[in-house]
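Notes to accompany the following structure.
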Amino acid sequence: MRLVLLGLPGVGKGTQASLIARESNTPHYSTGDIFREILKSSSLLSRKVAKYVNEGELVPDDIVFEMVKKFIAGDEVNANGWVLDGFPRNKRQAEMLDDLLEEESHRLNFAIHLTVSRNILVNRLYGRRVCSNCGAIYNLSMNPTQKEGICDKCGGMLERRKDDSKETILKRISIFESEFLPLRKYYQDQGILIEVNGESRVQDVFNQIKERLEIGQERRN
Ligand SMILES: [Zn+2]
């Protein structure tokens, strides 16, 4: 199965994507990981990406797609599909993805949208803490560390990201929404949109997704 996870930042896409990937025995690709991988390499692509990242600018759609393509392209690892989170972020990226899949005679099976109310989202994003040493991500309410302020994995100090102030969070959400609504409609029109409330406990959300995927597949067959 080829699945994409959609939703506002902080909604828990990464967590659900990795659970689905494990269950369906397919690889999980997140744009966060893809960015990190590419930036570690010394390719032309990595230099292009670094330029945008260093200047704090949004990486253009075609470059993001070029990066994602390197990971999801049809090879043995991806023979049974994949789960992708963080891409597509807008309708244009979704169309690029569809074109690629069509070239490979595949198609996207489902787009899973995790919904969450604005208030909860702001609180989640505001509670996000990152390990200054290893980059592990925690959340004061959703996913706290054993010892306050200390990374469970490496003992490093946790910090709030510079771009996690309430103001920038709200700004990020509204920019994201303006691109997101046409994307949601794009998948809705294709009849492959699955919407699940992302506010429940991780396992409950996952169970709902599984159920909806099964129903969706039965309807297809
Ligand atoms: Zn750490």
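Residues in segment 113-161 that are modelled with pLDDT of 85 or more, more than 16 Å from the ligand (Cβ to nearest atom), exposed (fewer than 14 other Cβ atoms within 10 Å of the Cβ) and more than 24 Å from ILE20 (Cα to Cα): there are none.
With respect to ILE169, is the statement that it is out of contact with any Leu (no Cβ under 7 Å at 6 or more places or on another chain), in contact (Cβ under 8 Å) with a residue 12 or more places away in the chain and either part of a helix (DSSP H, G or I) or charged (D, E, K, R) (or both) true? When the stated conditions are applied, ILE169 does not pass them. SER178 fulfils the conditions (1) part of a loop (DSSP other than H, G, I, E, B); (2) more than 14 Å from the ligand (Cβ to nearest atom); (3) not charged (D, E, K, R) except for a single criterion, (1). Kindly establish whether SER105 is within 13 Å of GLY10 (Cβ to Cβ), part of a loop (DSSP other than H, G, I, E, B), away from the ligand (no atom under 16 Å from the Cβ) and not basic (Lys, Arg). Here the answer is no, as SER105 does not meet what is asked. Considering only residues that are surrounded by 14 or more Cβ atoms within 10 Å (Cβ to Cβ) and outside any helix (DSSP H, G or I), which ones fall in segment 25-74? Within segment 25-74, THR26, PRO27, HIS28, TYR29, SER30, VAL59 meet the criteria. In this structure, is THR168 modelled with pLDDT under 85, polar (S, T, N, Q) and surrounded by 13 or more Cβ atoms within 10 Å (Cβ to Cβ)? So THR168 passes the test. Just to be sure, is ARG124 touching a residue at least 60 places away in the same chain (Cβ under 8 Å) and either touching an Asp or Glu at 6+ places or on another chain (Cβ under 7 Å) or farther than 18 Å from GLY12 by Cα (or both)? So ARG124 does not fit the description; no.
Candidates in segment 162-175 are the residues that are under 20 Å from LYS91 (Cα atoms) and of a type in the set (Val, Ile, Thr); of these, the one that is farthest from the ligand (Cβ to nearest atom) is ILE175.
All conditions in (1) more than 22 Å from ASP189 (Cβ to Cβ); (2) touching a residue at least 24 places away in the same chain (Cβ under 8 Å); (3) surrounded by 14 or more Cβ atoms within 10 Å (Cβ to Cβ) hold for VAL77, with the sole exception of (3). In segment 146-157, the residues that are outside any loop (DSSP other than H, G, I, E, B) form Cβ pairs under 9 Å with partners that are among the β-branched types (Val, Ile, Thr) and surrounded by 11 or more Cβ atoms within 10 Å (Cβ to Cβ), at six or more places apart or across chains, as follows: MET157/ILE150. Scanning segment 150-176 for residues that are closer than 13 Å to VAL122 by Cβ, out of contact with any strand residue (DSSP E or B) (no Cβ under 8 Å at 6 or more places or on another chain) and not basic (Lys, Arg) yields SER165, GLU167, THR168, ILE169, LEU170, ILE173, SER174, PHE176. If you go through segment 206-221 and pick out every residue that is assigned to a helix (DSSP H, G or I), at pLDDT below 95 and not charged (D, E, K, R), you end up with 4.
Just one of (1) part of a loop (DSSP other than H, G, I, E, B); (2) of a type in the set (Lys, Arg); (3) closer than 19 Å to GLU179 by Cα fails for ARG92. It is (1).
From the list GLY191, GLY198, the lone residue that is touching a helix residue (DSSP H, G or I) at 6+ places or on another chain (Cβ under 6 Å) and more than 16 Å from the ligand (Cβ to nearest atom) is GLY198.
The values are calculated or read from the model by the stated rules, or taken from the named source; none is laboratory data. Keep in mind the model is a prediction, meaning the values are calculated, not measured. Neighbour counts are summed over all protein chains in view; Cβ atoms, including those assigned to glycine, are modelled from backbone coordinates with ideal geometry.
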